[in-house]
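The values are calculated or read from the model by the stated rules, or taken from the named source; none is laboratory data. Just so we're clear, the structure is a prediction, and the values are computed from it rather than from any experiment. Cβ placement follows ideal geometry from the backbone for every residue including glycine, while neighbour counts extend to all protein chains displayed.
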Amino acid sequence: MRSVFIIAILVFFHSFSYAQVTDSTEVVDAIKPIDSIKIVKLNDSLNIVMHLDTMGVFKARDTIKILTRIDSLKIKLDSLLKPFYTIKFDSTLQKDIYAPRYRMAVNSLTKDTVYITIPKVSDIISFRKTLIIDTLKVFNPVQFVTIDTTKFAADPIWWKNKNSIGLDISEAAFVNWNAGGNNSVSGLLRVSLVRSYKKLHLLWNNEIFARYGLNSQQDQQLRKTDDKLQINSTFGYRKDTISNWFYSVKFNFNTQFTKGFRYPDTSSPISRFFAPAYLFLGVGSQYEIKQQRFSIYLSPVTLKSTFVLDEALSNDGAFGVNKGKKSRHEFGALVQSTWNTEVVENIIMSNRLSLYSDYLNHFGNVDIDWELSFKLTINKYIKANIGTHLIYDNDIKFKDDIDNDGELETLGARIQLKQLLGIGVLFSF
């Protein structure tokens with residue numbers, strides 16, 4: 001009787017447990033990775049406890065107990081998880097590996113849950129490469145080469161120098177010449193130094209010209225044929241680099257080296273160093289084209305000073321100064337122009353013109369200083385020169401002995417004209 005009671009109790013509990021499991025089973029449309037699977041062996045059956053958060057084949061957070069045989073339980077478990085998990089048996093670990101086939105994403109706007117298929121992973125097997133460096137053989141040795149660089153644009157040169165020294169000699173000799181004649185030798189030394197600076201908005205031209213000539217004839221003393229010292233300097237500024245007009249300040253100075261005479265009288269000099277000397281200083285505008293072939297200077301405000309530092313010439317009132325005075329100053333307008341061009345092959349024309357009129361004394365009378373010369377190139381060193389020099393100054397009065405009584409009389413202003421012709425050597429550097 002006691003054994004029958006115990007068997008009846010066991011049958012009651014077994015049937016109650018089986019019914020509870022059957023009622024709690026429910027399928028839902030969702031999937032999420034398995035949190036835990038716990039298998040506990042009880043005699044010939046298994047007690048499996050599965051926890052699924054959401055979207056499993058069972059309700060989230062429900063605990064079920066399944067009591068059945070091992071083989072039938074594994075088949076049921078695999079069939080339930082196979083649509084949502086990839087099940088592989090790992091022979092190394094001796095167990096099944098569950099990999100999810102979907103991943104969950106939440107829309108930030110609608111807050112809806114979306115499940116996206118996880119792409120398959122393909123493993124690529126690659127062999128490890130072994131790199132060996134041969135220290136004895138160099139495949140690409142470094143070679144030292146000389147690079148020849150080519151400049152597409154020359155560096156700008158702001159300073160330009162032009163220097164020349166020339167000597168012209170002419171000679172005439174007669175031996176038993178029936179037509180007669182005097183032996184003579186003439187020489188003319190010419191020096192030209194030019195320094196020019198031109199950079200963007202600035203211009204600065206500096207020039208020094210010097211000439212000195214002598215002539216020696218039979219039965220006559222050595223005579224001077226040419227004597228000049230001239231210094232020019234022009235500083236200009238322009239607003240932009242396109243314009244050829246410069247706001248300019250110009251300085252000009254002219255004098256001579258030695259005494260001058262009215263031959264054959266050599267007792268009383270009619271000129272000497274700083275007697276006369278002319279100084280021009282003005283403000284104006286200068287137009288200059290490229291390569292300095294042509295330029296013109298216009299100055300409505302120019303100071304002209306005439307200096308006579310010789311006592312005798314000063315007392316005589318030479319070169320327009322008042323008697324006893326050593327200087328005379330004028331205020332007027334100045335126009336100066338230079339033009340250099342090649343008229344024909346190997347013949348270069350040089351033209352210099354200066355016009356000045358005084359505002360205070362006899363405005364309208366124009367002082368003229370005009371030099372025109374032609375340079376003929378025979379070869380690199382031998383040159384020929386033909387030139388004229390014309391001067392007219394209303395303040396310089398001409399003197400002459402009209403009555404032949406030995407006294408010079410002061411006459412009006414006259415045109416002064418000089419003509420030069422020479423062949424010689426010219427060195428430029």
Restricting to the stretch 385-403, what's the tally of residues that are among the aliphatic types (A, V, I, L, M) and either modelled with pLDDT of 90 or more or at positive phi (or both)?
3
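Condition check ((1) more than 30 Å from Asn244 (Cβ to Cβ); (2) part of a strand (DSSP E or B)) across all residues:
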position: Asn163; (1), (2): no, yes
position: Gly166; (1), (2): yes, yes
position: Ile169; (1), (2): yes, yes
position: Gly180; (1), (2): yes, no
position: Ser192; (1), (2): no, yes
position: Ser196; (1), (2): no, yes
position: Trp204; (1), (2): no, yes
Restricting attention to the stretch 318-336, and to residues there that are out of contact with any helix residue (DSSP H, G or I) (no Cβ under 8 Å at 6 or more places or on another chain) and surrounded by fewer than 17 Cβ atoms within 10 Å (Cβ to Cβ), which single residue is farthest from Ser248 (Cα to Cα)?
Asn322
Take residues that are among the aliphatic types (A, V, I, L, M) and free of Cβ contacts under 8 Å to residues at least 12 places away in the same chain and tell me which of the strands (runs of 3 or more DSSP E) falling wholly in the stretch 255-357 contain 1 or more.
327-344
Exclusive hit being surrounded by 14 or more Cβ atoms within 10 Å (Cβ to Cβ), among the hydrophobic types (A, V, I, L, M, F, W, C) and more than 23 Å from Val283 (Cβ to Cβ), set Leu222, Leu229
Leu229
Restricted to the stretch 404-428, and to residues that are touching a Lys or Arg at 6+ places or on another chain (Cβ under 9 Å) and assigned to a loop (DSSP other than H, G, I, E, B), which residue is modelled with the highest pLDDT?
Arg414
Can you run down the residue pairs with Cβ atoms below 6 Å, 6 or more apart or on separate chains, where the first is in the stretch 210-228 and assigned by TED's automatic domain parsing to the domain that holds Phe174 and under 13 Å from Phe261 (Cα atoms) and the partner is modelled with pLDDT of 90 or more and aromatic (Phe, Trp, Tyr)?
Asp227/Tyr212; Asp227/Phe257
Right, Phe251: closer than 30 Å to Leu203 by Cβ and aromatic (Phe, Trp, Tyr) or not?
yes
(1) acidic (Asp, Glu); (2) touching a helix residue (DSSP H, G or I) at 6+ places or on another chain (Cβ under 8 Å); (3) without any contact (Cβ under 8 Å) to a residue 12 or more places away in the chain all hold for Asp395 apart from (3)
